[in-house]
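What follows is a single structure, written as structure tokens, with notes after it.
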Amino acid sequence: MATENSKPLNFIEQIVEDDLKNGLSKKDLRFRFPPEPNGYLHIGHTKAIGISFGLGEKYDAPVNLRFDDTNPTKEEQAYVDAIKEDIAWLGYKWEEECYSSDYFDQLFEWAVLMIIDGKAYVDSQSSESMAEQKGTPTQPGIDSPYRNRTIEQNLELFQQMRNGDFEEGTHVLRAKIDMKHTNMLMRDPIMYRILHASHHRTGTNWCIYPMYDWTHGESDYIEQISHSLCSLEFKPHRELYNWFKKCVYNYSAHKYPKLPKQREFARLNLNYTIMSKRKLLRLVEEGVVSGWDDPRMPTISGLRRRGYTPKAIKKFINSVGVAKRDNIIDVSLLEFCVREDLNKTAPRIMAVLNPVKLTITNYQSDKTEFLEAENNPEDPNSGSRKLPFSKTLYIERDDFKEEANNKYFRLTIGKEVRLKNAYIIKAESVIKDGQGEIQEIHCTYDPKSLSGSGTEESLRKVKGTLHWVSVAYAIEAEVREYDRLFSHEAPDSQEEDFMTFLNPFSLNQITAFVEPNISNVQPNDHFQFQRLGYFCVDKDSTETKVVFNKTVGLRDNWAKQTQKATISPKQSNPKQERKPIDVIKQLGKKYTNLSAEKQKSVKAEIIQLSANILYEELEPLFATATKKTGTRIAVMIVLKQLLKKGQERNQQIIDFIEKASTDSNKLLAEEASTL
């Protein structure tokens, strides 16, 4: 139980505490983070990383990094290396580096023992035939004609599969459980399939590869993991996880005495973001981004390159918390966390991104002053630096208007502003080109108004303060201003392809001028460009050109843009809100009785609501009575959106779609046919 001054336990920590109270020894606590090396880690993974490694830190318990590498066609060593780099960068240390492929021999031995015990058999049907026999959530499955092969036949065939005697797709090894089980995952799941593919670690030693459900729990068992923590979509798999572990426990209890416990938590979802590795890979392969570490990508390597810090990401994960129900987090919270961290740590410098020349007419042409400037007012130990100040400066073009109203506090003809760390100036005139574009602003300055000098003139109050750089001393730099990659807050939950919602303005490359105190910068060095935002040095920088990436602005401009569109009187009282799944069921009830035009409108509303629907909420509706056609259509519409977001097409989904595609109702059959 949490003390008065401590943070309350989340439900995962409470599970651990209860297990310790019920006799589990603290020395037997062991956790793991088990990524599949088929892509780069993204911000969604940081929650799972934080939970497992956080428990390790809390209880001083070991945490394994285990790569669940069971699919040689999609896995690469490069992904392994990237994952290790990301976790280390976040500041976590793993106890052992493990690979499921290291357990292939043990898994094979256990599979043989299961065959001998009548708990597994070789099936020689096509995948289509097996799918047809699987049944539906409301209809039992049918036994395979090969289910009752003799033990000798199964052992011989399985060994031949191992030897490479068969082509892919000709045989599989299935667990022998119950084809009438209410949980369709328990209807004789596949344990091994034939794949004539080279593995990044085992090479061509194997041509049969274990399925994830068979490998995952047994790897936990071999490593003697106490708590196997995973996201909510694996909750239906828990029954199969437990069935497999009990089987192997009977064979190896003397060697592996402890049984792991699987528990599930809500995954992390962000708006304006996609989390599907498959879709992220498409962005890379189609050249939409420069690579997995493009600063617009939600990958950890992309966030690192953009300038996010481990501290900011950890604070974000702690702010989100550990929940039992999926929800969508506003990406502005992540931006707030990095903004707050960099405000305390990032040195201040001045840079002008859209320059216009400013000449101080009453300043000596051959004079240069070196003015004192704080490095970071939030850090008293950060010291100060010298800024060269001369007759000709650059300021931001947006910081000047020839004419302006009283609410404009920047520079305009006849009005005064202060130059940051320098003097008060007054604009007198401008020089324009033939098209009327301002090329130069002429000003005068008050020589006695130097900031910090203590003179009466320096204490004068003016409403505006501008940043600047000296033309003679400024360093030219490339600045890459990044914005959100998608303009829609739920890009993969719409009818259209998610690529439709790419933000054409997500990258703006400009030439800027920066104060000269950047001569020794290194990649990933962070700075605040005063009045503009936070930036970091990119790895593309060279000795002759510095490249900066914009991490985040000083303010959340997106919130301002969307506030009016997202806030309504109805939303102000959460007690009035109904669950999205209940609204969808209500919309579906009368769907078939609506006009075509009204159906189109209701369908759009269902698609919008689907962004907040979990698969676990939807699956029970697969069993909706046949006569409730409208509800089944609504379910099909939502299912389509979930599949677009990366939901795995499991057997329940396949069966639901197949049944609907042959329905007598044309609308339902048409919806199913699109899937």
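The values are calculated or read from the model by the stated rules, or taken from the named source; none is laboratory data. Computed from a prediction, not measured in an experiment: that's the story for all the values here. Please note: Cβ atoms are built from the backbone with ideal geometry, for glycine as well, and neighbour counts cover all protein chains shown. The accessibility values were calculated without ligands, DNA or RNA, using every heavy atom of the protein model including side chains. Shrake-Rupley method; radii C 1.70, N 1.55, O 1.52, S 1.80 Å.
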Among residues of region 395-416 being closer than 17 Å to PRO355 by Cα and of a type in the set (A, V, I, L, M, F, W, C), the residue farthest from the chain's Cα centre (by Cα) is LEU411
Considering residues that are without any contact (Cβ under 8 Å) to a residue 12 or more places away in the chain and open to solvent by 60 Å² or more (accessible area, probe 1.4 Å), the number found within region 454-491 is 3
message = Condition (residue is touching a residue at least 40 places away in the same chain (Cβ under 8 Å), of a type outside the set (Val, Ile, Thr) and touching a Cys at 6+ places or on another chain (Cβ under 8 Å)) applied to region 88-111: is it met by at least one residue?
response = yes
Restricting attention to region 348-359, the residues that are buried (at least 21 other Cβ atoms within 10 Å of the Cβ) and either among the hydroxyl-bearing types (Ser, Thr, Tyr) or assigned to a loop (DSSP other than H, G, I, E, B) (or both) number exactly 2
Scanning region 386-432 for residues that are out of contact with any Leu (no Cβ under 7 Å at 6 or more places or on another chain), surrounded by 17 or more Cβ atoms within 10 Å (Cβ to Cβ) and part of a helix (DSSP H, G or I) gives none
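From the list VAL417, VAL430, VAL462, VAL469, exactly one residue is β-branched (Val, Ile, Thr), modelled with pLDDT under 95 and in contact with a strand residue (DSSP E or B) (Cβ under 8 Å, 6 or more places away or on another chain). Which is it? Can you show your working first?
On the way: VAL417 fails: modelled with pLDDT under 95; VAL430 fails: modelled with pLDDT under 95; VAL469 fails: modelled with pLDDT under 95.
Selected residue: VAL462, the only one of VAL417, VAL430, VAL462, VAL469 that is β-branched (Val, Ile, Thr), modelled with pLDDT under 95 and in contact with a strand residue (DSSP E or B) (Cβ under 8 Å, 6 or more places away or on another chain).
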Residue pairs qualifying under the 7 Å Cβ cut-off, at least six apart or on distinct chains, with the first in region 621-643 being closer than 17 Å to LEU594 by Cα and touching a residue at least 40 places away in the same chain (Cβ under 8 Å) and the second being β-branched (Val, Ile, Thr) and open to solvent by less than 20 Å² (accessible area, probe 1.4 Å), are ALA634/ILE584; ALA634/ILE606
Those residues of region 501-560 which are open to solvent by 30 Å² or more (accessible area, probe 1.4 Å), under 25 Å from LEU371 (Cα atoms) and small (Gly, Ala, Ser) amount to SER519
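Within the group ALA611, ALA625, ALA604, which residue is open to solvent by less than 40 Å² (accessible area, probe 1.4 Å) and over 18 Å from PRO236 (Cβ atoms)? Break it down stepwise before answering.
Values: ALA625 fails: open to solvent by less than 40 Å² (accessible area, probe 1.4 Å); ALA604 fails: open to solvent by less than 40 Å² (accessible area, probe 1.4 Å).
That would be ALA611, the only listed residue that is open to solvent by less than 40 Å² (accessible area, probe 1.4 Å) and over 18 Å from PRO236 (Cβ atoms).
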Within region 388-439, the count of residues that are without any contact (Cβ under 8 Å) to a residue 24 or more places away in the chain and of a type in the set (A, V, I, L, M) comes to 3
Within region 246-283, of all residues that are touching an Asp or Glu at 6+ places or on another chain (Cβ under 7 Å) and outside any loop (DSSP other than H, G, I, E, B), the one nearest to ALA48 (Cα to Cα) is ASN269
Of LEU185, LEU195, the only residue that is over 30 Å from GLY56 (Cα atoms), in contact (Cβ under 8 Å) with a residue 12 or more places away in the chain and either buried (at least 18 other Cβ atoms within 10 Å of the Cβ) or of a type in the set (D, E, K, R) (or both) is LEU185
Within region 42-58, residues open to solvent by less than 10 Å² (accessible area, probe 1.4 Å) and farther than 19 Å from ASP326 by Cβ come out as PHE53, LEU55, GLY56
Filtering region 113-146 for residues that are in contact (Cβ under 8 Å) with a residue 60 or more places away in the chain and of a type in the set (Gly, Ala, Ser) leaves a count of 3
When region 644-664 is checked residue by residue, the ones that are under 24 Å from GLN494 (Cβ atoms), open to solvent by 20 Å² or more (accessible area, probe 1.4 Å) and of a type outside the set (Gly, Ala, Ser) are LYS644, LYS645, GLN647, GLU648, ARG649, ASN650, ILE654
All-but-one check, HIS442 against (1) open to solvent by less than 50 Å² (accessible area, probe 1.4 Å); (2) assigned to a loop (DSSP other than H, G, I, E, B), failing number (2)
Those helices (runs of 4 or more DSSP H) completely within region 289-347 that have 1 or more residues that are surrounded by fewer than 18 Cβ atoms within 10 Å (Cβ to Cβ), modelled with pLDDT of 95 or more and touching an Asp or Glu at 6+ places or on another chain (Cβ under 8 Å) are 310-320, 331-345
